[in-house]
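The values are calculated or read from the model by the stated rules, or taken from the named source; none is laboratory data. Being a predicted model, the structure only gives us computed values, none of them experimental. So basically every Cβ, Gly included, is an ideal-geometry build from the backbone, and we count neighbours across all protein chains shown.
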Amino acid sequence: MKLLSVTLLLMLGLAKISAQELSNFAGAFVDIGFGARPAAMGNAYVGLANDVNSIVWNPAGISSIKKMETAFTYTKILGLVDYNYLAFSMPLKDGQGAGAALIVSGDAALREYTLNLGYSRKFLLENLYVGFGVKFRYASFGNNSLNAGDYLLFESDEIAEGMLNQVKGSAAGFGIDFGVLYSLSEQIKVGLMFRDIYSPLYWNSKVDNPNKKTKGKYSELIPFEPTIGTAFKVAEQIVLTTDYTSVVRKDVSDKLRAGLEASLFKVFVVRAGVQYFLNNENDEKYSIGMGLNFGAGKERRMHLDYTYMIEEFANSQRVSIGLEL
């Protein structure tokens with residue numbers, strides 16, 4: 001990893017920091033799908049959204065949660081990047097609910113923070129839920145320390161030049177989400193999620209070399225993504241979900257997702273899901289998972305969830321622990 005890091009660093013420095021022009025969103029605040037339960041269902045969760053994960057998936061579902069809930073999820077993407085996700089929700093008076101979620105990922109080379117705040121309210125005899133979310137984003141990059149003695153394959157002047165041209169800086173921004181959840185019947189729910197309706201991100205970068213320049217200060221918008229989702233209760237303990245996401249950027253594919261959740265005696269849960277990207281590439285994702293729900297006191301319940309994601313470059317795992325208070 002150290003050799004890879006310094007190689008990339010030298011490429012950045014010796015190529016006149018040209019990679020800084022390509023920062024964009026493929027490597028910034030990537031939505032990997034948060035929460036082991038939604039991930040196990042192929043991230044088809046907009047039409048279900050009935051637990052603390054609603055904060056990031058569809059804030060309309062927050063007011064459908066009857067108890068206070070909290071959950072923590074950990075995953076390592078590509079075996080390299082750590083993601084930590086902590087969420088909390090609570091019911092309020094008159095059919096209202098609120099929640100918050102914090103996402104922390106990466107390391108000193110690129111660390112990102114996203115704080116999600118959500119609010120929801122139910123209408124029309126509890127058939128209609130409407131919610132909105134606000135997110136605040138912050139990132140810092142280029143703060144990793146490099147020791148020249150660790151890279152014996154390079155000449156000392158090459159290492160020094162790479163370090164001198166290491167791109168450093170930060171980014172900050174915010175985003176606005178809006179969600180709707182409607183129960184057509186006891187068996188069928190439909191959800192709409194408008195993610196990042198307006199989400200500017202403001203970058204600032206620099207290098208220590210006075211003879212080199214980066215792009216400096218600039219801004220860009222994280223793309224708006226509308227999603228429609230459904231949840232169909234096949235039987236008392238079996239749910240099927242689907243999501244369709246349309247994107248506005250030409251270099252990003254529309255997504256079609258489907259998931260299944262089956263509960264045995266309300267204690268053991270099995271899940272499976274698939275994600276199709278509507279393009280000509282073989283980049284589908286598959287997931288399987290399981291969960292345990294058990295009492296932790298008179299009114300409390302604990303949830304332990306595990307998900308295994310089969311992905312194009314490297315498979316990953318997600319582990320969640322949650323508590324109903």
Anything in segment 227-241 that is buried (at least 16 other Cβ atoms within 10 Å of the Cβ) and either touching a Phe, Trp or Tyr at 6+ places or on another chain (Cβ under 8 Å) or of a type in the set (Gly, Ala, Ser) (or both)? List them, or say none. Thr227, Ile228, Gly229, Ala231, Val239, Leu240, Thr241
Whichever residue in segment 290-325 is small (Gly, Ala, Ser) and under 18 Å from the mean Cα position of the chain (by Cα) and, among such residues, is surrounded by the fewest Cβ atoms within 10 Å (Cβ to Cβ): Ala314
Name every residue in segment 51-97 that is closer than 18 Å to Leu304 by Cβ and of a type in the set (S, T, N, Q), in order of residue number. Asn53, Thr70, Thr73, Thr75, Asn84
If you check Ser89, Ser54, Ser140, which single one turns out to be of a type in the set (Gly, Ala, Ser) and more than 20 Å from Ile321 (Cβ to Cβ)? Ser140
Restricted to segment 59-102 and to residues being under 22 Å from Asn315 (Cβ atoms) and assigned to a loop (DSSP other than H, G, I, E, B), the residue modelled with the highest pLDDT is Leu80
Evaluation of Tyr218 against (1) in contact (Cβ under 8 Å) with a residue 60 or more places away in the chain; (2) more than 18 Å from the chain's Cα centre (by Cα) (one fails), failing number: (1)
Which of the numbered conditions does Lys135 fail, given that it passes all the others? Conditions: (1) of a type outside the set (Val, Ile, Thr); (2) assigned to a helix (DSSP H, G or I); (3) touching an Asp or Glu at 6+ places or on another chain (Cβ under 8 Å). (2)
